[in-house]
Amino acid sequence: MHKNQEESLRFVQEFKSKTENTNEDREIVLCAPFTSLAVMSKNLHGSRVMLGAQNIHWEIEGAYTGEISGEMLTEIGVSYVIIGHSERRQYFGETDETVNLRLKTAQKYRLKPILCVGETKEQRDAGETENIITNQIKQDLVGVDQNNLVIAYEPIWAIGTGDTCESTEANRVIGIIRQQLDNQNVSIQYGGSVKPENINEIMSQPEIDGALVGGASLEPSNFARIVNYQ
């Protein structure tokens with residue numbers, strides 16, 4: 001929940017100039033608040049930067065105050081949508097059942113969902129990481145097309161805390177996620193205190209295909225440095 005429309009526009013203009021020479025094989029997606037999506041869509045038109053939303057509801061329309069539908073998102077040029085982010089699970093009652101409904105609806109509207117999975121500190125300390133992750137993947141992906149999907153492993157204990165999961169450990173868990181999938185080529189990202197200082201090491205890991213960036217994405221230069229990792 002950052003940036004009004006004016007701030008978002010300024011961000012887009014600066015960010016585009018810093019990613020003009022980014023490697024062609026890299027996908028860049030900005031997942032903005034709903035109020036900024038339309039203005040950003042207009043200013044990203046024709047660029048290589050794609051637009052994502054932060055949530056989607058599973059119904060087409062109806063009395064669901066505060067929610068947003070797939071048609072509302074696709075109409076303004078949104079291509080991606082984050083589903084099951086740890087903050088949605090932690091603060092807003094998101095469950096694996098509702099995550100599954102949102103995933104299938106996103107795909108129905110040809111949006112590419114970014115499914116977030118991850119464990120809490122208590123679960124990790126109890127040695128439950130593998131079971132938690134495996135169960136989330138199993139329940140979330142029922143009836144979901146794995147050919148139109150991105151997964152992000154975000155250890156909840158490493159989000160906004162300054163604690164980063166060791167890159168080798170993130171690589172190990174992402175390998176476990178990949179083993180659960182029918183499509184081994186699904187792009188799997190790491191998210192959790194990703195910064196310019198650690199992006200090179202994170203992306204050197206063989207199982208990690210990308211990054212889901214939080215706080216470090218709010219400043220155009222920082223986010224461009226992450227996108228342009230070596």
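The values are calculated or read from the model by the stated rules, or taken from the named source; none is laboratory data. All figures in this text were calculated on a predicted structure; none of them were measured in a lab. So basically every Cβ, Gly included, is an ideal-geometry build from the backbone, and we count neighbours across all protein chains shown.
Listing for the model above:
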read-out: Enumeration of residues in region 130-170 that are polar (S, T, N, Q) and farther than 19 Å from Q205 by Cα; value: N131, T134, N135, Q136, Q139, Q146, N147, N148, T161
read-out: Considering residues of region 126-152 that are in contact with a helix residue (DSSP H, G or I) (Cβ under 7 Å, 6 or more places away or on another chain) and among the hydrophobic types (A, V, I, L, M, F, W, C) only, the residue surrounded by the most Cβ atoms within 10 Å (Cβ to Cβ); value: I151
read-out: Cβ-Cβ under 7 Å pairs, at least 6 apart or on other chains, region 186-199 side touching a residue at least 12 places away in the same chain (Cβ under 8 Å), far side surrounded by fewer than 22 Cβ atoms within 10 Å (Cβ to Cβ) and among the acidic types (D, E); value: S187/D209; I188/E207; I188/D209; Q189/D209; S193/D163
read-out: Residues being part of a helix (DSSP H, G or I) and surrounded by fewer than 14 Cβ atoms within 10 Å (Cβ to Cβ) - total across region 153-181; value: 2
read-out: Verdict on S47 being surrounded by fewer than 20 Cβ atoms within 10 Å (Cβ to Cβ), at pLDDT below 95 and either outside any loop (DSSP other than H, G, I, E, B) or of a type in the set (A, V, I, L, M) (or both); value: no
read-out: Filter pass, T35 being part of a helix (DSSP H, G or I), within 18 Å of the chain's Cα centre (by Cα), free of Cβ contacts under 8 Å to residues at least 40 places away in the same chain and farther than 21 Å from V227 by Cβ; value: no
read-out: Candidates E201, E197, filtered to the one that is of a type outside the set (A, V, I, L, M, F, W, C), more than 19 Å from the chain's Cα centre (by Cα), surrounded by fewer than 17 Cβ atoms within 10 Å (Cβ to Cβ) and not in a loop (DSSP other than H, G, I, E, B); value: E201
read-out: Filter result (touching a helix residue (DSSP H, G or I) at 6+ places or on another chain (Cβ under 6 Å) and under 24 Å from Q136 (Cα atoms)) within region 69-84; value: G70, V81, I83, G84
read-out: Qualifying residue in region 13-20 (condition: over 19 Å from V227 (Cα atoms) and either among the charged types (D, E, K, R) or in contact with a strand residue (DSSP E or B) (Cβ under 7 Å, 6 or more places away or on another chain) (or both)); value: no
read-out: Condition met for S69 (touching a strand residue (DSSP E or B) at 6+ places or on another chain (Cβ under 9 Å) and among the hydroxyl-bearing types (S, T, Y)); value: no
read-out: Options E87, E75, E122, E166; residue that is of a type outside the set (G, A, S), closer than 16 Å to A53 by Cα and at pLDDT below 95; value: E87
read-out: Subset of region 41-56 (residues that are within 21 Å of R88 (Cβ to Cβ) and in contact with a helix residue (DSSP H, G or I) (Cβ under 7 Å, 6 or more places away or on another chain)); value: L51, A53, N55, I56
